[in-house]
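The values are calculated or read from the model by the stated rules, or taken from the named source; none is laboratory data. Keep in mind the model is a prediction, meaning the values are calculated, not measured. Neighbour counts run over all protein chains shown; Cβ positions are idealised from the backbone, glycine included. Note: areas computed on protein heavy atoms with side chains; ligands, DNA, RNA excluded. Shrake-Rupley method; radii C 1.70, N 1.55, O 1.52, S 1.80 Å.
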Amino acid sequence: MSAIASARAQRRWDIRVDWPNCYARGLCHELLPEVIDLDEWGYPIVNAAVTADLLADAREAVRTCPTLALRLNKTQM
Amino acid sequence: MTSMLRVAPGPLLLSHLEDGPGYRAHRARFGDLPKLSRNDLVAAAGPVRGRGGAGFPFARKLQAVEHRRSPEIVVNWSEGEPASHKDAALARVRPHLVLDGVELVAKAFGTKIVHLVVPSEREDVTNAVLNAVGERAHPKRYRIHHATDRFVAGQARAVLELMAGRENLPVTAWQPEAYQGFRGRPTLLSNAETWAQLALRVLCPEGRPTTLLTFAGESAAALVVEAELGTRWGSVLPAELPDHEPLLLGGYHGAWTTVGWLRPRPIDHDLLRAAGLPLGAGVVLRVPHTECPVTMTARLMNYLAGQTAKRCGPCFNGLPELARAVSALAAGTDTQPRIRQLRDLVTGRGACAHPDGSARMVASMLARFPDEVAAHVGAQCGALPRAKAGVA
């Protein structure tokens, strides 16, 4: 793998939840089970950073959240 | 809460209380305000920590707005923590020191209008602040906002919501207030004591930095004292207290410790934080005679659960659940695993730190008083009959 490709593969993104806007619809968990679990009340538990291979799914989760309560930010290194 | 409030004389902030709160006596005591540059102010603010609870260095906030034009200035005088009375004491004895701090920053940064957020349920505080404002040279430059009487109303984002005309409740902060606060503008929002401490660094730079503490819980009247940072707790704690006496340091969002642990250690933000005991708003709460740490934690947790803004799911589901679990523990059921599980479930999952602070207080009780907890589980605690029942 080239240096650029490996640097790309190591990029990470954070999912942040806008808690007052989250109504526990659970779609984010359906779309991104690798990163998002649900707690006993149905609210998201963000378990890990988003890796490059999951980025498309993460964007989909952010876009389709019924209450637009998710944000995706590049992790500050 | 209580109107019974005693203020002990202190080295700096609470010195010469006999002067009274008037403006003339204040100016005669502290001298005229110098006009400072932004750099001077940042340098002077060095040792000042945010006294609202988070303990954030004030100089860092100033640096964040250093190159911005006329940042919004907000004094948070609302003191949402029910056990804390230091800002009420300041309103009564030294309101002009708070306003001096504000004026120094407003002049240096070219801010014309200053916002004062006062507690609507403490009329004496509001009146004292209004009186002080009326004595200043430009009373019309102060805008007064009345905070709602609830625990989370004093949180920074909740205060900004109130000022914007919305409900006085927390919302998600995507950026610190210093970058994006009131109306999306850079905002210097700090607790009343913080502003007074800043003024002291300018007006009495030779005096050693201090902090205000509220002693409460053992009697109806709270006591506000001023202590030099770096002195030992033994110099401010009543000498007659036994070493095993439990103390809740930092208030309802604080953490449990004992007199014996605290006494030899210095009053130091970083040292306390490293020990898992953030000083918070400086509350030192004792356990009433009728209670033990376990039943008191259950009582406070029930109060805190009722103070959720009901906006964030993990908080409005988790805190009542946590209150039930702690009450069950006080009544003799071993719910410790469930309490720890709930702590992990609510921590870091809300717009404000209400769930975090509540869970920390409960968890510190489990960690600090395993014997008392065991006594409850074994139904041997003397405070047991008074524990809240009605738990499934």
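What are the residues in segment B:8-26 that are open to solvent by 30 Å² or more (accessible area, probe 1.4 Å) and more than 28 Å from B:L188 (Cα to Cα), if any?
Result: B:P9, B:H16, B:L17, B:E18, B:D19, B:A25.
Which strands (runs of 3 or more DSSP E) does chain A wholly contain that include 2 or more residues that are free of Cβ contacts under 8 Å to residues at least 24 places away in the same chain and open to solvent by 40 Å² or more (accessible area, probe 1.4 Å)?
A:36-38
List the residue pairs whose Cβ atoms are under 8 Å apart, where the first residue sits in segment B:74-96 and is closer than 22 Å to B:A164 by Cβ and open to solvent by 10 Å² or more (accessible area, probe 1.4 Å), the second is among the hydrophobic types (A, V, I, L, M, F, W, C) and part of a loop (DSSP other than H, G, I, E, B), and the two are 6 or more positions apart or on different chains.
Close Cβ pairs (under 8 Å, with a partner that is among the hydrophobic types (A, V, I, L, M, F, W, C) and part of a loop (DSSP other than H, G, I, E, B)) amount to B:E79/B:A281.
Please go through segment B:97-125 and give me each residue that is more than 28 Å from B:R38 (Cα to Cα) and either aromatic (F, W, Y) or touching a residue at least 24 places away in the same chain (Cβ under 8 Å) (or both), ordered by number.
Across segment B:97-125, the qualifying residues are B:P119, B:S120, B:E121, B:R122, B:D124, B:V125.
Could you pull out every one of the strands (runs of 3 or more DSSP E) wholly within segment B:239-291 that has 1 or more residues that are within 13 Å of the chain's Cα centre (by Cα)?
Where strands (runs of 3 or more DSSP E) fall fully within segment B:239-291 and carry at least 1 residues being within 13 Å of the chain's Cα centre (by Cα), they are B:246-249, B:283-286.
Filter segment A:17-55 down to the residues that are among the β-branched types (V, I, T) and within 14 Å of chain B (Cβ to nearest Cβ), then identify the one that is farthest from B:P320 (Cα to Cα).
Top of the filtered list is A:I36.
A quick yes/no check of all residues on (1) within 30 Å of B:F316 (Cβ to Cβ); (2) part of a strand (DSSP E or B):
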residue	(1), (2)
B:A153	yes, no
B:P170	yes, no
B:G207	no, no
B:L223	no, yes
B:G230	no, no
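Answer yes or no as to whether B:R29 is open to solvent by 20 Å² or more (accessible area, probe 1.4 Å), part of a helix (DSSP H, G or I), at pLDDT 90 or above and under 15 Å from B:A196 (Cα atoms).
It is true that B:R29 is open to solvent by 20 Å² or more (accessible area, probe 1.4 Å), part of a helix (DSSP H, G or I), at pLDDT 90 or above and under 15 Å from B:A196 (Cα atoms).
Need the failing condition index for B:K35 against (1) surrounded by 16 or more Cβ atoms within 10 Å (Cβ to Cβ); (2) basic (K, R); (3) within 27 Å of B:A137 (Cα to Cα), just the number.
(1)
Cβ contacts < 6 Å: first residue touching a residue at least 40 places away in the same chain (Cβ under 8 Å), restricted to segment B:129-158; second residue open to solvent by 10 Å² or more (accessible area, probe 1.4 Å) and of a type in the set (D, E, K, R), any location; separation 6+ or different chain. Result?
Correct list of pairs: B:A156/B:E177.
Exactly one condition in (1) farther than 28 Å from B:S235 by Cα; (2) part of a loop (DSSP other than H, G, I, E, B) is not met by B:V74; state its number.
Evaluating B:V74 over (1) farther than 28 Å from B:S235 by Cα; (2) part of a loop (DSSP other than H, G, I, E, B) leaves (2) as the failure.
Suppose we keep only residues that are among the acidic types (D, E) and part of a helix (DSSP H, G or I) within segment B:108-138. Which one would you say is surrounded by the most Cβ atoms within 10 Å (Cβ to Cβ)?
That would be B:E135.
If we keep just the residues of segment B:326-350 that are under 29 Å from B:N168 (Cβ atoms) and small (G, A, S), which is nearest to the other protein chains (Cβ to nearest Cβ)?
It comes out as B:G350.
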